[in-house]
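Trainee: I'd like to ask you about the structure that follows.
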Amino acid sequence: MVEKVGMERIVVPVMVRELDMERDLPAVEELERRCEVGISGDQGSSAADGAKKSKKKKKRNGMSLCVEQIGDPLARVRHTPEHVMLVAECGEKMVGVIKACIKMVSRGSIGGRKNTSSSSSSSGSPAQQQPLYVKVAIILGLRVSPSHRRLGIGTTLVRAAEEWSRARGAAHATMATTVSNKASLALFAGRFGYKPFRRPVLLGRPVHARRLPLPRRHRVFQLQPPLAAAAYASLLPPQDTEFLPADMPALLAHKLTLGTFVAIEGSDHHTPPAGTGAADAEPPSYAVLSVWDSTRSLRMRVGGAPALLQHSLAAVRALDRAAPWMRVPSVPDIFRPFGAYLLFGVRMSGPAGPALLRTLCRHAHNVARKNPACAVVAADLAPGDPAAAAVPRWRRFSCDEDVWCIKNLGDGNAASASDDDDWAAPAPAGSILFVDPREF
């Protein structure tokens with residue numbers, strides 16, 4: 001590394017190594033505290049060192065939604081057997097970190113071409129088909145000390161993470177940033193050749209102090225993990241779903257997955273009118289989603305709010321406490337750190353699907369209000385997903401700036417790097433994007 005001081009050029013030696021949890025944890029926490037990386041990348045990134053999501057901000061009319069990682073620094077990658085956190089040291093000082101994990105995920109349809117696990121066509125001749133699942137590296141959590149930016153440390157860490165991933169057989173590498181984080185895009189897309197390819201939207205709403213009523217005509221059931229896994233195997237076929245993890249049953253059985261819930265209409269709504277054949281009856285409607293408790297791994301906070309707004313919401317909370325019989329729709333104190341529940345595997349079908357999904361979101365809200373640490377319920381969905389229009393949201397707790405970028409890690413002779421394998425192509429109509437809550 002070369003650092004300019006006045007007219008002189010001073011060599012800055014940097015060593016990259018794997019994290020030693022016992023020895024490095026205090027230094028990692030201090031680095032995270034100093035790197036105020038925002039959704040817009042305004043404070044935690046530079047022209048060569050930009051990233052997202054251990055801390056992030058979304059500015060809107062002077063207000064920002066901050067999200068910071070707490071607890072285990074490996075929480076977002078530890079769920080995969082192959083994971084790493086690399087640290088960059090300059091002398092005795094930690095100046096940068098990056099995380100990566102390798103996972104098997106579904107590819108979905110690429111360019112309208114259905115993937116298959118078969119390696120030959122029905123006629124017996126070889127067919128250029130892609131497997132249902134591929135090995136993908138998830139690169140995240142890039143941080144560089146403010147005092148050591150623009151020295152190529154971010155470049156060194158990304159290159160080391162890619163080499164670590166390539167050595168373990170990853171065919172692709174992905175990272176997430178935001179459209180306003182020009183520094184992150186300049187580093188990953190400009191210098192390393194990543195291509196922007198998916199734009200999930202975060203839809204959030206606050207948790208009210210009062211329980212939300214559910215329509216009496218709707219029935220909500222909780223599925224046990226094995227049954228939930230079987231249901232999702234049908235609802236999220238890998239040939240139509242991108243980034244569905246191969247360990248979906250483990251995710252559904254995880255201790256932080258609070259449950260998988262299904263909503264259907266009451267039995268009287270399924271009975272066709274007298275004299276009507278079964279073929280004329282409407283298709284059955286349903287909705288399904290799972291709830292992930294992220295309150296133990298991240299905290300959110302709304303910053304930059306006008307004093308009048310803060311005092312107004314505080315007055316509403318005080319009124320609700322003093323006169324609960326008025327049932328004032330107060331919200332938690334969002335100007336202090338709070339936790340969130342994440343909805344994943346959100347699907348719906350049938351004419352009543354949107355209404356049933358809204359019922360499930362209300363049920364998830366009622367589950368969340370039992371946890372004092374939870375103040376927001378949110379879901380990450382593809383913008384074209386019909387379910388996105390049915391999920392309740394507040395504008396202040398939502399974000400449409402996220403962008404995923406992808407890069408082929410194979411060499412020029414590998415199938416994963418061929419022109420016919422452009423995962424960055426637009427997703428075909430009807431394709432489903434799965435967002436793993438473990439990596440939020």
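The values are calculated or read from the model by the stated rules, or taken from the named source; none is laboratory data. All of these numbers come straight from a predicted model, not from anything done at the bench. Glycine also receives a Cβ, built like all others from the backbone with ideal geometry; neighbour counts cover every protein chain displayed. Keep in mind that these areas ignore ligands, DNA and RNA; they rest on the heavy atoms of the full protein, side chains included. Shrake-Rupley method; radii C 1.70, N 1.55, O 1.52, S 1.80 Å.
Trainee: Would you say Met300 is within 14 Å of Leu289 (Cα to Cα), touching a residue at least 40 places away in the same chain (Cβ under 8 Å) and not polar (S, T, N, Q)? Show your work before the answer.
Mentor: Values: within 14 Å of Leu289 (Cα to Cα): no; touching a residue at least 40 places away in the same chain (Cβ under 8 Å): yes; not polar (S, T, N, Q): yes.
No, not satisfied.
Trainee: Condition first: buried (at least 20 other Cβ atoms within 10 Å of the Cβ) and among the β-branched types (Val, Ile, Thr). Now tell me which residues in region 335-381 satisfy that.
Mentor: Val346, Thr359, Val376, Val377 - these are the residues of region 335-381 that are buried (at least 20 other Cβ atoms within 10 Å of the Cβ) and among the β-branched types (Val, Ile, Thr).
Trainee: Here is a check on your reading of the model: is Phe221 at pLDDT 95 or above and under 21 Å from the mean Cα position of the chain (by Cα)?
Mentor: On the way: at pLDDT 95 or above: yes; under 21 Å from the mean Cα position of the chain (by Cα): no.
For Phe221, the condition - at pLDDT 95 or above and under 21 Å from the mean Cα position of the chain (by Cα) - is not met.
Trainee: Out of region 284-303, which residues are in contact with an Asp or Glu (Cβ under 9 Å, 6 or more places away or on another chain), crowded, with 21+ Cβ neighbours inside 10 Å and outside any strand (DSSP E or B)?
Mentor: Scanning region 284-303 gives a single hit, Ser285.
Trainee: Follow-up question, since we're still on this one. Return the residues of region 134-145 that are open to solvent by 10 Å² or more (accessible area, probe 1.4 Å) and either aliphatic (A, V, I, L, M) or at pLDDT below 90 (or both); say none if nothing qualifies. Steps first, answer last, please.
Mentor: Filtering region 134-145 for residues open to solvent by 10 Å² or more (accessible area, probe 1.4 Å) gives 134-135, 138, 140.
Those that are open to solvent by 10 Å² or more (accessible area, probe 1.4 Å) and either aliphatic (A, V, I, L, M) or at pLDDT below 90 (or both): Val134, Ile138, Leu140.
Trainee: Do any residues in region 304-319 that are in a helix (DSSP H, G or I) have Cβ atoms under 9 Å from those of residues that are surrounded by fewer than 11 Cβ atoms within 10 Å (Cβ to Cβ), where the two are at least six apart or on different chains, and which pairs are they?
Mentor: Leu319/Met326
Trainee: For Leu185, are the conditions met, namely being open to solvent by 20 Å² or more (accessible area, probe 1.4 Å) and in contact (Cβ under 8 Å) with a residue 60 or more places away in the chain?
Mentor: Working: open to solvent by 20 Å² or more (accessible area, probe 1.4 Å): yes; in contact (Cβ under 8 Å) with a residue 60 or more places away in the chain: yes.
Answer is yes for this residue.
Trainee: Now for a separate question. Run down Gly384, Gly345 and say which single residue is in a strand (DSSP E or B) and either of a type in the set (A, V, I, L, M) or within 20 Å of the chain's Cα centre (by Cα) (or both). Don't jump to the end; show me each part of the working.
Mentor: Working: Gly384 fails: in a strand (DSSP E or B).
One residue alone meets the criteria, Gly345.
Trainee: State the number of residues belonging to region 69-106 that are in a strand (DSSP E or B), farther than 23 Å from Leu433 by Cβ and of a type in the set (A, V, I, L, M, F, W, C).
Mentor: The total comes to 10.
Trainee: Working only within region 216-238, note down all residues that are out of contact with any strand residue (DSSP E or B) (no Cβ under 7 Å at 6 or more places or on another chain), over 18 Å from Ala364 (Cα atoms) and surrounded by 16 or more Cβ atoms within 10 Å (Cβ to Cβ).
Mentor: Ala229 - this is the single residue of region 216-238 that is out of contact with any strand residue (DSSP E or B) (no Cβ under 7 Å at 6 or more places or on another chain), over 18 Å from Ala364 (Cα atoms) and surrounded by 16 or more Cβ atoms within 10 Å (Cβ to Cβ).
Trainee: For residues in region 189-215 being touching a His at 6+ places or on another chain (Cβ under 8 Å) and at pLDDT below 95, which is least open to solvent (accessible area, probe 1.4 Å)?
Mentor: Kept after step one, since they are touching a His at 6+ places or on another chain (Cβ under 8 Å), are these residues of region 189-215: 205, 207-208, 212, 214.
From the residues that got through so far, the ones that are at pLDDT below 95 too are 205, 207-208, 212.
On the way: Arg205: 37, Val207: 5, His208: 28, Leu212: 25 Å².
Out of the qualifying residues, it is Val207.
Trainee: Could you grab the pairs with beta carbons closer than 9 Å, sequence gap of 6+ or different chains, first residue in region 84-95 and open to solvent by 10 Å² or more (accessible area, probe 1.4 Å), second one in a strand (DSSP E or B) and not hydrophobic (A, V, I, L, M, F, W, C)?
Mentor: Leu86/Arg17; Leu86/Glu18; Leu86/Gly96; Leu86/Lys99; Glu89/Arg17; Glu89/Gly96; Cys90/Gly96
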